[in-house]
Each structure stands twice: as structure tokens, then as C-alpha cells.
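Asker: Sharing a structure, written as C-alpha cells. Questions coming.
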Amino acid sequence: MAAQSVSVLITGANRGLGLEMVKQMVEAPRQLRKLFACCRDPEGPRAEALQTLAKKHPNIISVVRLDADDLCSIKQCVQQVGLLVGTGGLNLLINNAAILFRSNLLEISPEEMQKTFNTNVMGPMNIIKEFLPHLRAAAKASGTPGMSTSKSAVINISSTLGSMQYIHQSYDFIPGVSYRVSKAALNMLTACAAEELRKEEILFSVLHPGWVRTELGGENADIDAQESVLGMLDVMASMTEKQSGAFLDYKGKPVPW
Ligand SMILES: NC(=O)c1ccc[n+]([C@@H]2O[C@H](COP(=O)([O-])OP(=O)(O)OC[C@H]3O[C@@H](n4cnc5c(N)ncnc54)[C@H](OP(=O)(O)O)[C@@H]3O)[C@@H](O)[C@H]2O)c1
């Protein structure tokens, strides 16, 4: 993050990479005005670690209910965030929540594909559209030209499993057809948004976090959440208009589409 004080929203913030992002961002409190840590069940047992963290930083972290599958909950979250950010708007929105089924083409059901699409594509699409007024407000309020994640930006957390070029290297290891299709769609959604909102200086980019030891990544993954998030936050902090519409990994290396 740049020196300017920013407001940030993260989906799926109760565990895995989302929770680690909250932890690391809040360790630099002077750069954060407000951090909206969203999850689908803030009062449930899966949000206990997040709630404990939020209690330590009550002026910065707000735990807000947001279910990516539920447009009503997204709209309610937008209202709650609006009350707290005011005319300064929302500077950085991180679409991190996602689900993964591992089925191949013969195993996959239409229900599984639909559910994955709802969470991994429709969710980010609805969230981007609903939060656009707050992102626009942040872009206008900044008063500086160009793009950055401390001005107005959306980072969609995707995966190399959504890359057409990487499929030969990874398909035997994990088919995950619905996940791959959803992440490829998320990538295109990001590219479309980057084009459409370029003139308004709102940055859109896709990040691959690496293969990370979380519930989704599994215990045999390459790196831990701390390393992945350290890298992603550095990459986000260095982004300018040149990275709008880009697909980068957690080290800042371009990923082929
Ligand atoms: N870990 C990896 O190796 C890896 C690799 C490439 C990309 N990624 C991407 O990184 C991101 C984070 O993954 P992760 O490894 O941290 O996964 P994770 O540990 O399984 O966490 C997933 C998060 O998404 C939330 N979520 C799922 N469905 C949701 C919904 N409908 N509404 C709101 N929240 C929902 C979960 O909340 P609940 O607790 O309520 O289920 C949880 O907070 C994902 O976009 C994933 O595709 C991960």
C-alpha cells in the first residue's frame, strides 16, 4: 500500500488467504483507514479467528456479512460500507472468496458447475457492479492522476488453473473442470472491466497467489499463506495503470492467459 490512508474490502476473509490478508494489512495501521473483512457467517465458528483479530483493531476492522452467492447480502454490505467510507469511497476491493471442486468432465454435474459459477464468477461480477459507486467515489476523491491500489482498484484472486496455456502441465494432477472454467471466466471478466473503466482510472487486475497451504490448496502445497500474501501485497502496492488488465502471480511475474 502507498503512504496514503486507504479503505479496503476483502471477501472470504474468515480463513485461508483472506484472513492472512487482513492480518498483514492491519499490521500497517497507519496506511489503513478502514478494512472491511467480509465473510458469509460472521457469528459462526468459522469466523472466530477473524472476530478475535477484529476485536484487537476495532477502529480499523469491520466484520461484515457478505455471501458471494446472495445478491441481497452484497447490496446490504454495500450500504454498510457506504455509511462508513462516505465521500472518500472504497479504494481497494479484493474478490478473494471462491470454491473448488476437483471433478473431471465425466464426474461433473450441472449443479456443481452452476454452484462454482455462482460463487467464483457471478459473485465477483455482482460485487464489482454493486460497489462501483464507492470505487468511483474513491477515484474522484483521490485528486491524483493515474491508477493505483491506493486510489481505486479491484483485484480478483484467480489461479493458473484458469490459464489455457498451463493446462497441459496441471490437468492430470487436478482436473477441477468447474473451477478452471470459472477462473478463466473471472479472468475475462477482469479484462472486460479493465477496458470499460479505464477512463475512470479504476484499476482491475488478476492475481495468482501461488499454490498455497490452505483448505483449498491442501497441505502439500508449495508455500504458506504468509509468504503468498506478503508477495501479493507487494505486487498490489506496486501496481499502476500499466498493470490494469494484467494477470500476475504473487511474485509479480506475468501469467499467460
Ligand atoms: N490455496 C491455493 O493454492 C490457491 C491457488 C490458486 C488460487 N487460489 C485462490 O485464492 C483465493 C482464496 O483461496 P484460499 O486458498 O484461501 O481458500 P480457502 O481457504 O478454502 O478459503 C476460501 C474462502 O472463501 C469463502 N467463501 C466460499 N464461498 C463463499 C461465498 N459464497 N461467499 C463468501 N465467501 C465464500 C470461504 O468462506 P467459508 O468459511 O464460509 O466457507 C473462505 O473464507 C480463492 O479465490 C482461490 O481460488 C488459491
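Asker: Compute the acute angle (0 to 90°) between the alpha-carbon long axis of helix 177-196 and the principal axis of greatest extent of the alpha-carbon atoms of the chain; round to the nearest 10°.
Answerer: 40
Asker: Now a separate question. Suppose all protein chains stay in the model; what accessible area per residue would a 1.4 Å probe give for the chain, in Å²? Please list the in-between numbers first.
Answerer: Values: 12200 Å² over 257 residues.
Counting only protein heavy atoms, the per-residue value for the chain is 47 Å².
Asker: Still on this structure, please answer the following. Of all DSSP beta bridges located in the chain, what percent are antiparallel, nearest 5?
Answerer: Values: 1 of 27 bridges.
Percentage antiparallel, nearest 5: 5.
Asker: Against the longest alpha carbon principal axis of the chain, how many degrees, from 0 to 90 and to the nearest 10, is the axis of helix 225-237 turned?
Answerer: 60
Asker: Moving on to the next point. What is the helix-to-structure angle for 16-26, meaning the angle in degrees between its Cα long axis and the longest Cα principal axis of the chain, kept from 0 to 90 and rounded to the nearest 10?
Answerer: Between the helix axis and the principal axis of the chain, the angle is about 20 degrees.
Asker: Restricting to lysine pairs 8 or more places apart or on different chains, what number in the stretch 6-249 have Cα atoms under 18 Å apart?
Answerer: Total qualifying Lys-Lys pairs in the stretch 6-249 comes to 16.
Asker: What area, in nm² and to one decimal, does the C-alpha convex hull of the chain cast on average over all directions? If you can, show how the numbers build up before the last one.
Answerer: On the way: hull surface 51.1 nm².
Averaged projected area of the chain's Cα convex hull equals 12.8 nm².
Asker: Do any chymotrypsin sites (Phe, Trp or Tyr not before Pro) in the stretch 147-185 lie in a loop, going by DSSP, with at most 13 other beta-carbon atoms within 10 Å of their beta carbon, and if so which? Walk me through the numbers on the way to the answer.
Answerer: Values: sites: TYR166, TYR171, PHE173, TYR179; in loops: TYR166, TYR171, PHE173.
Hits after loop and neighbour filter: PHE173.
Asker: Moving on. In nm, what is the difference between 0.36 nm times the number of residues separating GLN169 and TRP257 and their Cα-Cα distance? Display every interim value, and only then the final one.
Answerer: Values: separation 88, 0.36 × 88 = 31.68 nm, distance 1.39 nm.
Here the answer is 30.3 nm.
Asker: Okay, moving on. Towards the positive end of the charge dipole of the stretch 102-257, with charges on Cβ (+1 Lys, Arg; -1 Asp, Glu), say which of PHE173, THR119, MET147 has the farthest Cα.
Answerer: Towards the positive end, the residue furthest out is MET147.
Asker: Calculate what fraction, in whole %, of the accessible area of the stretch 4-104 sits on carbon and sulfur atoms when a 1.4 Å probe is rolled over the protein chains. Write down the numbers at each step before the final one.
Answerer: Numbers: 2300 of 4590 Å².
Of the solvent-accessible surface of the stretch 4-104, carbon and sulfur hold 50 percent.
Asker: Which of the peptides 125-138, 202-215 is most tightly packed, and how do the rest follow, judged by the mean count of other Cβ atoms within 10 Å per residue?
Answerer: 202-215, 125-138
Asker: With an 8 Å Cα cut-off and a minimum separation of 6 or more residues, compute the relative contact order for the stretch 65-127 in percent.
Answerer: Values: 37 pairs, mean separation 30.6, N = 63.
RCO, the stretch 65-127: 49 percent.
Asker: Still on this structure, please answer the following. Relative contact order of the stretch 6-249, please, whole-number percent, based on alpha carbon pairs below 8 angstrom and at least 6 residues apart.
Answerer: Numbers: 466 pairs, mean separation 47.8, N = 244.
After rounding, I find 20 percent.
Asker: Take the alpha-carbon centre of the stretch 191-257, take the same for the stretch 122-160, and report the distance between them in whole Å.
Answerer: Comparing the Cα centres of the stretch 191-257 and the stretch 122-160, I get a distance of 14 Å.
The values are calculated or read from the model by the stated rules, or taken from the named source; none is laboratory data. The structure presented is a predicted model; accordingly, all values stated were derived computationally and were not measured. So basically every Cβ, Gly included, is an ideal-geometry build from the backbone, and we count neighbours across all protein chains shown. We work out accessible area using only protein heavy atoms, side chains counted, and drop any ligands, DNA or RNA first. Shrake-Rupley method; radii C 1.70, N 1.55, O 1.52, S 1.80 Å.
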